[in-house]
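Asks: Here it is, the structure, as structure tokens.
Read-outs throughout are calculated quantities, based only on the coordinates presented, and are distinct from any laboratory measurement. The model shown is predicted, which means the values in this text are computed figures rather than measured ones. No Cβ is skipped: glycine too gets one built from the backbone with ideal geometry, and neighbour counts run over all protein chains shown.
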Amino acid sequence: MNTVLMDITLRDENLVTPSLVMDFANIHRTYDRFEAAFPEGKLFYAVKANANFEIVKLVVDRKGGLEIASLAELEKSLDAGAIGEQIICSNPIKNPAFLKAMHRNHVYAMVVDSTFEVEKVAQYAPGSKVYVRLAVDNKGSVLPLAGKFGVSGEEALAIFDLAKERGLQPIGLSFHVGSQCLSVNNWVNAIKACGEVWREAKARGHHMYFLDIGGGFPAGHYHDGTIPTIEEIGSSVMRAVEHFIPTTPDLMLILEPGRGLVGESGRLAVSVVGKATRGESTWLYLDAGVFNGLMETFEGFPPVVYLMADDAAERPLMRYTLAGPSCDSCDVIARDIELPEIHINDRLIFIDAGAYTNEYAVAFNGFPIPSVVNLNVEAVAA
Ligand SMILES: Cc1ncc(COP(=O)(O)O)c(C=O)c1O
């Protein structure tokens, strides 16, 4: 992170709040780390994490790929200069208009994880390359994604067979270990499970070459030593692929980082707009809450927040409940957290806010979603 420019921006009195400040030099550095950690991998950025047009363009300009979930994300990817070959869709549920648009634009491949979806893809995007999402263990993740999507190995094989019968081209497997995955073993075990299905699918005559290990790469390594780094995940994944996936000369190893690519490159600046004593607690009300930027705190992500003030180190430490500005009682960001004494109009900074901040945000009660400030957009790959 170019902390000097970020720091100047976050201190600037003219910065409106809430603002999400993104550092593009840091996104490039993170991209470089993914490329080094996964030498045989191909990065398809999960646009859902932060659909900032400049980020999508950065990935396209670096000849990376994009993982999309909707028609709007497809249109943005094309506007940023992506061609169909650079796009995949790992959303298991796709509507007809989206399928037709992907077909028209020659999107490289798309996921299926039910027989109904196979029929739909065959109807609206005939002949498409398809991969099947396996259900895998999400236990080590802050935000598990299991249950809603994914199938067993046996179901995957039946889906491959049906897809082929319907004129689609089955090419491989995908999975998602859950977002902010803290257990490297989740990837290793998932790849092992893929290996077993891969072998059987080959035996049934399917040409398997596409292995998509999804997202889940966590953010926050530099302030918490317990979070696995991109490099640690990369070395375990590369070994697991070597060990468990049958030899495949044309293997395409796909990664779909969302948070892992952009999470650490964003900081959210907010203002304290109210304060109250309620029983034992002192409440601080901020101009961003769970609806307009901090939804992930509602999903179990502990916020990492600091006071931006020259005298922060001199102020006594206090305990606070942090809440958003809306009238809804669920709009609580954190309880009983320690901060220097805070006054109304103080500025707080949430770190690791580059993913799932503005994408989740709505202007409930008329409170605006964060403005976006892009720093170092002209930065280039190393
Ligand atoms: C299919 C798919 N791929 C990739 C991602 C990105 O995940 P993450 O931000 O944890 O890397 C998601 C997130 O929900 C997803 O659903």
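Asks: Within the set of other residues whose C-beta is less than 13 Å from the C-beta of LYS63, count the net charge using Lys and Arg as +1 and Asp and Glu as -1.
Replies: Local charge sum for LYS63: 0.
Asks: With +1 on each Lys and Arg Cβ and -1 on each Asp and Glu Cβ, how big is the dipole of the chain about its Cα centre, in debye rounded to the nearest 20?
Replies: Using Cβ point charges on Lys, Arg, Asp and Glu, the chain gives about 1020 debye.
Asks: Where the only charges are on Cβ atoms (+1 Lys, Arg; -1 Asp, Glu), what is the dipole of segment 51-257 about its Cα centre, to the nearest 20 debye?
Replies: 360 debye
Asks: Using a Gaussian network model of the chain whose springs link C-alpha atoms within less than 10 Å, name the residue from GLU256, GLU232, GLU264 with the highest mean-square fluctuation.
Replies: GLU232
Asks: Let me ask you something else. May I ask for the net charge around ARG133, where only other residues with Cβ less than 9 Å from the Cβ of ARG133 are counted and Lys, Arg are +1 while Asp, Glu are -1?
Replies: -2
Asks: Have a look at ILE230, ILE83, ILE344 and tell me which one the Gaussian network model of the chain (Cα, springs below 10 Å) gives the largest fluctuation.
Replies: ILE344
Asks: Given Cα pairs under 8 Å that are at least 6 residues apart, what percent is the relative contact order of the chain?
Replies: Relative contact order here is 21 percent.
Asks: In nm, to one decimal, how far is the modelled label at SER236 from the one at ASP310, with both set 7 Å along Cα→Cβ?
Replies: 4.6 nm
Asks: Also: Once you put a point 7 Å from the Cα of ASN365 and another 7 Å from the Cα of THR3, both along the Cβ direction, what distance in nm separates them?
Replies: 3.4 nm
Asks: When a/c is below 1.5 the answer is rounded, else prolate if a/b is larger than b/c, else oblate, so apply that to the chain with a ≥ b ≥ c taken from the square roots of the Cα gyration tensor eigenvalues.
Replies: Judged from the Cα gyration tensor, the chain comes out prolate (a/c at least 1.5, a/b above b/c).
Asks: Roughly how many nanometres apart are two label points built 7 Å out from the Cα toward the Cβ at VAL372 and PHE53?
Replies: 0.9 nm
Asks: So how do HIS243, HIS206 line up by other beta-carbon neighbours within 10 Å, fewest first?
Replies: So the residues, fewest neighbours to most, are HIS243, HIS206.
Asks: Let me ask another. Mind scanning LYS139/LYS192; LYS57/LYS202; LYS94/LYS148 and naming the pairs with a C-alpha gap bigger than 25 Å?
Replies: Distance filter (> 25 Å) returns LYS57/LYS202.
Asks: In segment 40-111, which trypsin sites (Lys or Arg not before Pro) are in a loop and have at most 12 other Cβ atoms within 10 Å, using DSSP for the loop call?
Replies: Answer in residue order: LYS63.
Asks: Cross-link partners among aspartates and glutamates for LYS129, C-alpha distance below 17 Å, same-chain residues fewer than 8 apart left out?
Replies: Reachable aspartates and glutamates: GLU67, GLU85, ASP113, GLU117, GLU119, ASP161, GLU165, ASP212, ASP250.
Asks: Around LEU317, with a cut-off of 13 angstrom between Cβ atoms, what is the net charge of the other residues, counting Lys and Arg +1 and Asp and Glu -1?
Replies: Neighbourhood net charge equals -2.
Asks: Looking at segment 125-216 from every direction and averaging, what is the projected area of its Cα convex hull in nm²?
Replies: 5.7 nm²
Asks: Identify the GluC sites (Glu not before Pro) of segment 154-202 meeting these criteria: DSSP loop state and at most 12 other C-beta atoms within 10 Å of the C-beta.
Replies: Taking segment 154-202 and a limit of 12 other Cβ atoms within 10 Å, no loop GluC sites (Glu not before Pro) are found.
Asks: Can you give the Kirkwood hydrodynamic radius of segment 174-274 from its Cα pairs, in Å with one decimal?
Replies: Here the Kirkwood hydrodynamic radius works out to 15.1 Å.
Asks: Multiply the residue gap between TYR222 and ASN345 by 0.36 nm, knock off their C-alpha separation, and tell me the result in nm, one decimal place.
Replies: Here the answer is 41.4 nm.
Asks: Still on this model: Given the DSSP H assignment, sum -39500 (n - 2.57) over each helix run of at least 4 residues in the chain and divide by its residue total; what's the result at 222 nm in deg cm²/dmol, nearest 500?
Replies: -9000 deg cm²/dmol
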